[in-house]
Amino acid sequence: GSLIEQLTTEKYECMVCCEVVRIVAPVWSCQNCYHVFHLNCIKKWARSPASQAEDGNSGWRCPACQNASVQVPKTYTCFCGKVHNPEWNRNEIPHSCGELCGKKRQCLDCPHLCNILCHPGPCPSCPAFVTKSCECGQTSHSVRCGQSTKIRCSNVCGNTLNCGKHSCTQVCHAGKCSPCQLTVQQVCYCGSNFKEILCGSKEEFSDGFGSFSCQNICGKKLNCGRHNCKQVCHPQPCQLCPRLPQVVYRCPCGQTPLSKLLELGCVERKICTDPIPSCGKTCGKPLSCGSYEFIHTCESLCHEGDCRPCSHTSNIYCRCGFKKKVSGLFLFLIAAITFMCDKRCNKKRSCGRHKCNEVCCVDTEHKCSLVCGRKLNCGLHRCEEPCHRGSCQSCWQTSFDELTCYCGESVIYPPVPCGTQPPECKKTCTRPHDCDHPVYHSCHSEEKCPPCTYLTQKWCMGKHEVSYGQLMFLNTKSFSRTLDSSICGAIRYRLICQVQIQASTFIGDCSLHVSCCLSLQSNVMESSLCCHKLILTFFFRIAAISIATKLTDLQLGDSVEISRLITKKEMKQARLQCDEECLALQRNRRLAEALEIDDNSDPFNIRSSGPKYSDILKEDARKDLKFVSDIEKEMRMLVEAVNKGKHTKKSHCYPPMNRDHRRIIHELAQVYGIESVSYDNEPKRNVVITAVKGKSICPSSTLTSVLDKEMQSRPPPPIPHYKQTDRNSGNIGLSKPLKEEPVIDYFDVQD
């Protein structure tokens, strides 16, 4: 009704062009959602890429309900689809043919067609009444056609169940009846055991002797009436007694027929209990012991019953393949038990950390059953996974509380992974401090604040002088001062003063270290400083204090010009004097400019005339010449291979070694032009070198050859000097030469 009203009053809009659908305009109606569109608009929409279905094979989608259609509409038809290009009639519904609809209704079980005039939208429900039976089929009712509700009566179903014996006891219901829930009792084939099963199940089967096997010994009396059946519970009748005269034809060992024994005078058997005649030969039946290499047989004379245990010895194999010699008696007793040796497996488990240690191990994977237990990346929890190789996974624990900085300005909202550091905050630190000076550092998560960098005044240790512009966190200075007599009306002082100002101020991520040191000391002999020299000394001290006062500006990010505090004469005195090497370099530079030679070129092969090995490297190489020789040999082979080969780079990995050996490799790599990088943590830290084509070179002389030449040209060592230690007593003591203190390398820069 709403569609008819909007189309008649021309208030219905097309969803594609958002224009009003006119009465005389050709339209198309979706058969799924019943929306009406302009025919031209729906044609354009169907050809556009935006209308295609996701899988690309189902056609185009309706703009309203997204229902996929394969065919694109081409003609203008009425709503029922019987008339093409319907003409508009004032007394009829727009875009309809004015005839009966005649379309099949949506209800699947309704046989009647729509009996109203051609219309937009879905067809109304069928108005006819039909007679329908209930679910069990015992009663009938008159209902409207197409009604989806199912009819159920109050009677019991009564249909036969799947077992074929019992009837359904449920009230009238839809679908198939449930399987029979009654239980029946079954007996085994030998009649000694019973069990209950559902009626009508597949297990309900009987062949007249029973329904199932209890897997016990049958035990029924055989046809002879004297012996019992020794087979496992079976469905068929029991076999004949195996000792009946008509069944036994040979002696117990089976080597001789009974007919021959009867000819030799043996008594003929009448019943099953009569003994079977023995042939007197060795039994020879195979025993359960032995191996694939050698089969043991019974050595007793022909006999009835089971054979005796084997008296021989045999080599049997354990699970892991080791041999063990065991007697036949024990083999008979442990025939059903797998033999295991006492050897423990020494192979590594799958984790690579633990040994297997299993007794008589036959496992090929050696999976580790221990818990990893290593600390996770958060540093708080440990890995609970089975022991494994490689790095552990990230900590799976998560906090649902907000993580804030100390002042609470910066916040990380949940969920917060375990181990997350507090957020950075640009606000000034609000923690309580020991002093009342202004705070210049930002809010931080560390419990201890950085030292105070405020400039203040401090007394020396002896309370003689006050030093201005001192950092708050520095210790008190020490001045050593003695008073002498006066000359020419001026006071003479012998002043020994050491002023040291060190400050560390943090500006962003940069660390500025300013160190100013002035030192004025007297000679060994007492010397006097006149008034003008004392004034000059005070000038140096005042200059140092002036530099220290600028630290506040440095904390705020400003720059300080210190050249104004130093005179030109002082700068000239502080400048290094040129030596012979500097003069030679200047002479060569002037000669190269006159001959127009490039600075980067080396025409006389001066730079590459010989490698320069540092004194520290030479000293380390003398301690282990074989190691240095092997390293240089490997580097030479690597450089020659990369320069002659096709590849631009070649690498070599050294085994884990100590820090001194790694330093030697790094320094040698610089001489050869090779890149060197250290990997892993102690004690498995190793060095990887990489030679680059065109960059790496082989020096003309190796380090070992240089050391050999130095040893040959070095003069013989002097005889140690010994002195008399006790002259008065007359005893002559020899004092040992002083031992040089070792040089300790506290940090390996390249490592």
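Of the residues that make up segment 657-668, is at least one of a type outside the set (S, T, N, Q) and within 30 Å of the chain's Cα centre (by Cα)?
Yes.
Filter segment 635-659 for residues that are touching a helix residue (DSSP H, G or I) at 6+ places or on another chain (Cβ under 7 Å) and surrounded by fewer than 14 Cβ atoms within 10 Å (Cβ to Cβ) and give the result.
Within segment 635-659, just 649 meets the criteria.
Could you list all residues from segment 113-146 that are modelled with pLDDT under 85, open to solvent by 70 Å² or more (accessible area, probe 1.4 Å) and closer than 30 Å to residue 4 by Cβ?
125, 129, 144
Out of (1) in contact with a Lys or Arg (Cβ under 7 Å, 6 or more places away or on another chain); (2) loosely packed, with under 13 Cβ neighbours inside 10 Å, what's the single condition that is false for residue 447?
Unmet for residue 447, out of (1) in contact with a Lys or Arg (Cβ under 7 Å, 6 or more places away or on another chain); (2) loosely packed, with under 13 Cβ neighbours inside 10 Å: (1).
Collect the residues in segment 287-312 that are at pLDDT 70 or above and open to solvent by 80 Å² or more (accessible area, probe 1.4 Å), keeping them in residue-number order. Steps first, please.
We begin by selecting, within segment 287-312, every residue at pLDDT 70 or above; these are 287-289, 294-312.
If the condition is that a residue be at pLDDT 70 or above and open to solvent by 80 Å² or more (accessible area, probe 1.4 Å), then 288, 294, 295, 299, 301, 306, 308, 311 are the ones that fit.
Select from segment 167-185 the residues that are more than 13 Å from residue 201 (Cα to Cα) and modelled with pLDDT of 85 or more and write down the one among them that is most open to solvent (accessible area, probe 1.4 Å). Steps first, please.
In the first step, residues of segment 167-185 are kept if they are more than 13 Å from residue 201 (Cα to Cα); the result is 167-177.
Okay, now just the ones that are also modelled with pLDDT of 85 or more, so 167-172, 176-177.
Values: 167: 65, 168: 8, 169: 118, 170: 79, 171: 82, 172: 9, 176: 191, 177: 39 Å².
Going through the qualifying residues, I end up with 176.
With assigned to a loop (DSSP other than H, G, I, E, B) and touching a residue at least 12 places away in the same chain (Cβ under 8 Å) as the only criterion, which of 142, 154 stands out? Quick ask: steps written out before the conclusion?
Details: 142 fails: assigned to a loop (DSSP other than H, G, I, E, B).
Exactly one of 142, 154 is assigned to a loop (DSSP other than H, G, I, E, B) and touching a residue at least 12 places away in the same chain (Cβ under 8 Å), namely 154.
Considering only residues that are surrounded by 16 or more Cβ atoms within 10 Å (Cβ to Cβ) and more than 15 Å from residue 613 (Cα to Cα), which ones fall in segment 660-673?
661, 662
Kindly list, by first and then second residue, each pair from a residue in segment 624-645 that is in contact (Cβ under 8 Å) with a residue 24 or more places away in the chain and in a helix (DSSP H, G or I) to a residue that is open to solvent by 20 Å² or more (accessible area, probe 1.4 Å) and of a type in the set (Lys, Arg), limited to pairs with Cβ atoms under 8 Å and residues at least 6 apart or on different chains.
638/650; 641/650; 642/649; 642/650; 642/693; 643/693
Of the residues that make up segment 120-133, is at least one within 60 Å of the chain's Cα centre (by Cα) and within 30 Å of residue 35 (Cβ to Cβ)? Reasoning before the result, please.
Taking segment 120-133 as the starting set, the residues that turn out to be within 60 Å of the chain's Cα centre (by Cα) are 121-122.
Applying the additional criterion that residues be within 30 Å of residue 35 (Cβ to Cβ) yields 121-122.
Scanning segment 120-133, I find at least one residue that is within 60 Å of the chain's Cα centre (by Cα) and within 30 Å of residue 35 (Cβ to Cβ), so the answer is yes.
Given the criterion touching a helix residue (DSSP H, G or I) at 6+ places or on another chain (Cβ under 8 Å) and either of a type outside the set (A, V, I, L, M, F, W, C) or not assigned by the TED database to the domain that holds residue 30 (or both), identify the matching residue among 112, 141, 95. Before you say what the answer is, go through the steps one by one.
On the way: 112 fails: touching a helix residue (DSSP H, G or I) at 6+ places or on another chain (Cβ under 8 Å); 141 fails: touching a helix residue (DSSP H, G or I) at 6+ places or on another chain (Cβ under 8 Å).
Only one candidate passes the filter, namely 95.
Which of the residues spanning segment 694-714 are part of a helix (DSSP H, G or I) and of a type in the set (A, V, I, L, M, F, W, C)?
We begin by selecting, within segment 694-714, every residue part of a helix (DSSP H, G or I); these are 703-713.
The answer is 703, 706, 707, 711.
Being touching an Asp or Glu at 6+ places or on another chain (Cβ under 9 Å) and outside any loop (DSSP other than H, G, I, E, B): is that true of residue 665 here? Give the derivation first.
Numbers: touching an Asp or Glu at 6+ places or on another chain (Cβ under 9 Å): no; outside any loop (DSSP other than H, G, I, E, B): yes.
So residue 665 does not fit the description; no.
Here's the yes/no breakdown for (1) small (Gly, Ala, Ser); (2) under 30 Å from residue 303 (Cβ atoms):
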residue: 186; (1), (2): no, no
residue: 189; (1), (2): no, no
residue: 193; (1), (2): no, no
residue: 229; (1), (2): no, yes
residue: 232; (1), (2): no, yes
residue: 235; (1), (2): no, no
residue: 245; (1), (2): no, yes
residue: 251; (1), (2): no, yes
residue: 254; (1), (2): yes, yes
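The values are calculated or read from the model by the stated rules, or taken from the named source; none is laboratory data. What you see is a predicted model, and the numbers here were worked out from it, not measured in a lab. Counting neighbours? That spans all protein chains shown, and the Cβs are built from the backbone with ideal geometry, glycine included. When the accessible area is computed, the model is the full protein with side chains, heavy atoms only, and any ligands, DNA or RNA have been set aside. Shrake-Rupley method; radii C 1.70, N 1.55, O 1.52, S 1.80 Å.
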